[in-house]
Amino acid sequence: TITRSYRAIVYNNFSEDEGMINAPIGRHPTNRKKRMVTEKNSKEAITHYKVLDHLNHKFNYIECRLETGRTHQIRCHMAYLGHPLMGDDLYGGKLDKISRQALHCARLEFYHPVKNEYITVTAEIPEDMQSVINNKED
């Protein structure tokens, strides 16, 4: 069992500062690269989110924790809620402030079966995302 925590910069303000998205994800009917929330040929997908900072009236810096691990899960769930990731042009984001998806795996935790202990691995926010966070008034 692995616990994964991601950081992302998304468009639009949330009505709640934290919540859970429980919406099944399946393939998009016409774009093989894309996934979508759908009941048809889908699998369970659960994402927990928490707003860490309101960057301005257009963006939020969030943390996401996954209960399931579906392809494009965070990207798909955020777009479904009307909060596409900054830089994610496949799911409705724009490339004007960052040249890639503003998504980063910040923390992994798992039980190591040989060492008999929990292992935690963390990674700092990349410079391009940190720059957007630091310049939140832009």
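Among the residues making up the range 115-138, a single one is in contact (Cβ under 8 Å) with a residue 40 or more places away in the chain, over 20 Å from the mean Cα position of the chain (by Cα) and surrounded by 10 or more Cβ atoms within 10 Å (Cβ to Cβ): ASP138. Can you find a residue in the range 39-56 that is among the charged types (D, E, K, R), open to solvent by 50 Å² or more (accessible area, probe 1.4 Å) and at pLDDT below 95? Yes, the range 39-56 has at least one match. Evaluation of GLU109 against the conditions (1) over 21 Å from ASN12 (Cβ atoms); (2) under 12 Å from the mean Cα position of the chain (by Cα); (3) touching a residue at least 60 places away in the same chain (Cβ under 8 Å) shows that the sole unmet condition is (2).
Name every residue in the range 56-74 that is outside any loop (DSSP other than H, G, I, E, B) and either free of Cβ contacts under 8 Å to residues at least 40 places away in the same chain or over 24 Å from SER5 (Cβ atoms) (or both), in order of residue number. Residues satisfying the conditions do not exist here. Name the single residue, out of those in the range 84-107 being open to solvent by 20 Å² or more (accessible area, probe 1.4 Å) and hydrophobic (A, V, I, L, M, F, W, C), that is modelled with the lowest pLDDT. Looking at the filtered set, the residue picked out is LEU95. Just one residue in the set ASP53, ASP89 is acidic (Asp, Glu), on the phi < 0 side of the Ramachandran plot and in contact (Cβ under 8 Å) with a residue 40 or more places away in the chain; that residue is ASP53.
Go through the range 1-38 and give me each residue that's more than 15 Å from the chain's Cα centre (by Cα), more than 29 Å from HIS112 (Cα to Cα) and in a strand (DSSP E or B). Answer for the range 1-38, where residues must be more than 15 Å from the chain's Cα centre (by Cα), more than 29 Å from HIS112 (Cα to Cα) and in a strand (DSSP E or B): GLY26, ARG27.
Regarding TYR11, is this residue out of contact with any Asp or Glu (no Cβ under 9 Å at 6 or more places or on another chain) and closer than 29 Å to ASP96 by Cβ? Spelling it out, TYR11 is indeed out of contact with any Asp or Glu (no Cβ under 9 Å at 6 or more places or on another chain) and closer than 29 Å to ASP96 by Cβ.
Take the conditions (1) open to solvent by 20 Å² or more (accessible area, probe 1.4 Å); (2) within 27 Å of THR3 (Cβ to Cβ); PRO29 misses just one of them, which is (2).
Taking first residues from the range 18-43 that are hydroxyl-bearing (Ser, Thr, Tyr) and partners that are at pLDDT 95 or above and in a loop (DSSP other than H, G, I, E, B), the Cβ contacts under 7 Å between residues at least 6 apart in sequence or on separate chains come to THR38/PRO24; SER42/PRO24.
The values are calculated or read from the model by the stated rules, or taken from the named source; none is laboratory data. Keep in mind that what you see is a predicted model, and the values were worked out from it rather than measured. Glycine also receives a Cβ, built like all others from the backbone with ideal geometry; neighbour counts cover every protein chain displayed. Note: accessible area is taken over every heavy atom of the protein model, side chains too, but ligands, DNA and RNA are not part of it. Shrake-Rupley method; radii C 1.70, N 1.55, O 1.52, S 1.80 Å.
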